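Peer 1: Questions regarding the structure given below will be posed in turn.
The values are calculated or read from the model by the stated rules, or taken from the named source; none is laboratory data. Computed from a predicted structure; not experimentally measured. Cβ atoms come from the backbone with ideal geometry, glycine included; neighbour counts cover every protein chain shown. These accessible areas exclude ligands, DNA and RNA; they are computed on the full protein's heavy atoms, side chains included. Shrake-Rupley method; radii C 1.70, N 1.55, O 1.52, S 1.80 Å.
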There are 2 protein chains.
Amino acid sequence: MIPTEDKPSSSVARLYDHIKDQAISFRIKPGERLNEVDLAKKLGASRTPLREALNRLTAEGLLTFERGRGFFCRELKPREIFELYQLRATLEVASVRLACESATDKELDEVKDFLLETGTDRGSLSSEQLVEFDEIFHERIVSFTRNSEMARVLKNVNERIKFFRWVDMDNRRNETQHEHRNILQAICARDVDKAAELMNRHITRRLDQITAAVKEGYARIYMGSEGLDLD
Amino acid sequence: MIPTEDKPSSSVARLYDHIKDQAISFRIKPGERLNEVDLAKKLGASRTPLREALNRLTAEGLLTFERGRGFFCRELKPREIFELYQLRATLEVASVRLACESATDKELDEVKDFLLETGTDRGSLSSEQLVEFDEIFHERIVSFTRNSEMARVLKNVNERIKFFRWVDMDNRRNETQHEHRNILQAICARDVDKAAELMNRHITRRLDQITAAVKEGYARIYMGSEGLDLD
DNA sequence: TATTTCTAAACTGTATTCAATTTTGGAGAG
DNA sequence: CTCTCCAAAATTGAATACAGTTTAGAAATA
């Protein structure tokens, strides 16, 4: 969220990036309290830049803060994921509407090419890789809005639901690319309502679906992705 | 954005609130560089909590940061305001759609009452007060979505455009309440499309309109709101 | 055994100090 | 007059020190 500087990587930025990755992937567990002294030592810095990084991540919703108790990893709550999905759907639908008006044929061809390149041999890709491709597709669409504030919000939403999307992708590995193609076709046809409907359907999740996937997410976090590897 | 704690007000929170108000209102001027030493002395704290507060405000988009140069007030750019308005319109339209489905009649009656109470004698109110009422109306609508993430994004957007809205309100003091009533009527009638259309019209601004109001905004910032009071 | 109390250790909040970097302003040259 | 260079002052980035608060675990009590 805070742009990377042109200058030598600062301590704050390095810490921010590192902890962000850990928070996104729930390698820091939901609700886990961060010990500043340990973390600073482990990351080779003092508490001063560490706290600066933690403040940024808190403002972005990846961590939470309690005065006197310190910083914590955000929880993994179905209701929160549901709300983020609803927000995401709202913005992605608005994006395809704007894309139908603003995207050039050349730009859309490039997205078509991207879908072709990433459409093959999906069975062998990890869900992380699939989500990565999925994100790139959506980022392309959002870029057609020429609205950097929308892109910024969506980026933050995506960071906060990324872990959840890895889980979700395992149950939908084959559908999403098909859906992407249909969405893109509707945009190319400048069929606003169809594109909006397809995107909304592509993204919307019911709360019970989310709850089920969150349960699976907890299993991954606490048992590891290789099975019952308790740690 | 970061919730106020139940505990004694911390130095960071106090500094955050104070600087936030200054940034929202452009009492810190667009692009102005913040001097940490001076500011810390002026606010009666050390640089450590000050920098923590500044990091939060930067992540929220009210300030900007350059490594080696420090923290700055965000600029007042028409394009950015335009994008924030577009984002706002997207979310407010989605909100009235959800409100048509979710809001109880009792809740809507309360908003009606609010509009009645705040509908009289608008000529004597400051544009700040009018924007305040305007915000309350919109917050009520957004609360009907039961989506705290949408509310959160809208809150941030509103903070970042608040100054602009004061300027804009001076040119529209009589229209907005009328528009609010129409929007509310459409919601009460559960007429989704009409409510959405009215809200969209209520919020959308063309870039040229925004540019003109931003110019006026600069005049206020640099000449003061009492006329040519150069400071 | 479970619960409560208490104390020391650990941690958080912040002030101070120090090192590195940027800015400012004066002097000199064209 | 403008531009460049340079040194000193000022500022930013971060480490360390200190004070206040919270936590963990042991001891006492029911």
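Peer 1: Would you please name the residue that is nearest to DNA strand C (Cβ to nearest atom), looking only at residues in region A:47-70 that are touching a residue at least 12 places away in the same chain (Cβ under 8 Å) and under 18 Å from B:ARG67 (Cα atoms)?
Peer 2: Among those residues, the one meeting the criterion is A:ARG51.
Peer 1: Across region A:168-189, what is the total count of residues that are within 29 Å of A:ILE221 (Cα to Cα), open to solvent by 50 Å² or more (accessible area, probe 1.4 Å) and out of contact with any Lys or Arg (no Cβ under 9 Å at 6 or more places or on another chain)?
Peer 2: Total meeting the criteria: 3.
Peer 1: Separate question: So A:ALA40 ticks every box in (1) among the aliphatic types (A, V, I, L, M); (2) free of Cβ contacts under 8 Å to residues at least 24 places away in the same chain; (3) within 30 Å of A:HIS180 (Cα to Cα) but one. Which box is left unticked?
Peer 2: (3)
Conditions (1) buried (at least 18 other Cβ atoms within 10 Å of the Cβ); (2) within 14 Å of another protein chain (Cβ to nearest Cβ), marked per residue:
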site	(1), (2)
B:GLU139	no, no
B:ARG152	no, yes
B:TRP166	yes, no
B:ASP191	no, no
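Peer 1: Can you pull out every residue in region B:54-72 that is under 22 Å from B:PHE163 (Cα atoms) and within 13 Å of DNA strand D (Cβ to nearest atom)?
Peer 2: Passing the criteria: B:LEU54, B:ASN55, B:THR58, B:LEU63, B:THR64, B:PHE65, B:PHE71, B:PHE72.
Peer 1: Just to confirm my filter: which helices (runs of 4 or more DSSP H) fall fully inside region A:15-126 and include at least 1 residues that are more than 10 Å from chain B (Cβ to nearest Cβ) and buried (at least 21 other Cβ atoms within 10 Å of the Cβ)?
Peer 2: Output list reads A:47-59, A:78-102, A:105-117.
Peer 1: Just checking, does region B:211-231 include any residue being surrounded by fewer than 21 Cβ atoms within 10 Å (Cβ to Cβ), farther than 20 Å from B:PRO30 by Cα and free of Cβ contacts under 8 Å to residues at least 60 places away in the same chain?
Peer 2: No; the residues of region B:211-231 include none that is surrounded by fewer than 21 Cβ atoms within 10 Å (Cβ to Cβ), farther than 20 Å from B:PRO30 by Cα and free of Cβ contacts under 8 Å to residues at least 60 places away in the same chain.
Peer 1: I would also like to ask the following. Residue under question is B:ARG74, and the condition is that it be more than 16 Å from DNA strand C (Cβ to nearest atom), within 30 Å of A:GLU52 (Cβ to Cβ), in contact (Cβ under 8 Å) with a residue 40 or more places away in the chain and not β-branched (Val, Ile, Thr); does it hold?
Peer 2: Spelling it out, B:ARG74 is indeed more than 16 Å from DNA strand C (Cβ to nearest atom), within 30 Å of A:GLU52 (Cβ to Cβ), in contact (Cβ under 8 Å) with a residue 40 or more places away in the chain and not β-branched (Val, Ile, Thr).
Peer 1: Which helices (runs of 4 or more DSSP H) sit wholly inside region B:142-231 and have at least 2 residues that are closer than 23 Å to B:ASP21 by Cα? Write out each step before concluding.
Peer 2: Details: elements: B:148-170, B:175-188, B:192-203, B:207-223.
In region B:142-231, B:148-170, B:207-223 are the helices (runs of 4 or more DSSP H) which contain 2 or more residues that are closer than 23 Å to B:ASP21 by Cα.
Peer 1: Moving on. Are any residues in region B:29-41 within 16 Å of DNA strand C (Cβ to nearest atom) and within 16 Å of B:ILE161 (Cα to Cα), and if so, which ones?
Peer 2: B:LYS29, B:GLY31, listed by residue number.
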